[in-house]
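A short worksheet on the structure shown next.
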Amino acid sequence: MDPTPPTMTNVFTLDVLLRPPIVLTDAPGGRRTFIPIVGGSVSGSHLEATIIEGGGDWALERADGGMEIHAHYLIRTGGGEVIEVDNVGRWRERQGGAPYFVTSPVFVVGDGPHEWLRRSVFVGMGREVDESRIMIDVYVVDGGVP
């Protein structure tokens, strides 16, 4: 039997507001930076929330021009539930096209209406709006929504 490729469904978009990067150090393999997350929103068919100020992206800008991304922050739903987001990914230039900006968000959430977030696998497709704002369209793999 041949494997069936996964399907994905768009469930929400992260609209993330940023401050300018802070250079931490030149490290083996590249330059380590911290990009503060100062707010934003989450909107879509399966989640509405606000991004809480105080998180950030600990990024490694590699010598080859690519970037390793590791963002960690909190969101708050309209019902007051706080959800932890741990989002790891990669960014790099593609020949003749838009940048490759792909993440794998993981959510830490308690029991309740949003517990499906901790039991599903997600893929984020990012885009830079400008230096102070990125958007990540988040997709769930193979029927992970309730």
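Filtering the range 78-91 down to residues that are assigned to a loop (DSSP other than H, G, I, E, B) and small (Gly, Ala, Ser), which residue is surrounded by the fewest Cβ atoms within 10 Å (Cβ to Cβ)?
80
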* **Residue that is nearest to residue 75 (Cα to Cα) [pool: residues in the range 92-136 that are among the acidic types (Asp, Glu) and outside any loop (DSSP other than H, G, I, E, B)]** => 115
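Exposed (fewer than 15 other Cβ atoms within 10 Å of the Cβ) and modelled with pLDDT under 95 - does that describe any residue in the range 31-43?
Checked the range 31-43: no residue is exposed (fewer than 15 other Cβ atoms within 10 Å of the Cβ) and modelled with pLDDT under 95.
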* Can you confirm whether the range 133-143 contains a residue that is more than 20 Å from residue 6 (Cα to Cα), buried (at least 19 other Cβ atoms within 10 Å of the Cβ) and touching a helix residue (DSSP H, G or I) at 6+ places or on another chain (Cβ under 6 Å)? => no
* To do: Check residue 20 against each of (1) surrounded by 14 or more Cβ atoms within 10 Å (Cβ to Cβ); (2) at pLDDT 95 or above and name the one condition it does not meet.
  => (1)
* Pick out the one residue from 50, 25, 9 that is outside any loop (DSSP other than H, G, I, E, B), surrounded by fewer than 17 Cβ atoms within 10 Å (Cβ to Cβ) and touching a residue at least 60 places away in the same chain (Cβ under 8 Å). => 9
* Which residue out of 131, 81 is acidic (Asp, Glu), touching a residue at least 24 places away in the same chain (Cβ under 8 Å) and under 20 Å from residue 35 (Cα atoms)? -> 131
* Asked: Name the residues in the range 36-47 that are closer than 18 Å to residue 144 by Cβ and either in contact with a Gly (Cβ under 7 Å, 6 or more places away or on another chain) or not in a strand (DSSP E or B) (or both), would you?
  -> 44, 45, 46, 47
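The values are calculated or read from the model by the stated rules, or taken from the named source; none is laboratory data. Computed from a predicted structure; not experimentally measured. As a convention, Cβ positions derive from the backbone with ideal geometry for all residues, glycine included, and neighbour counts pool all protein chains shown.
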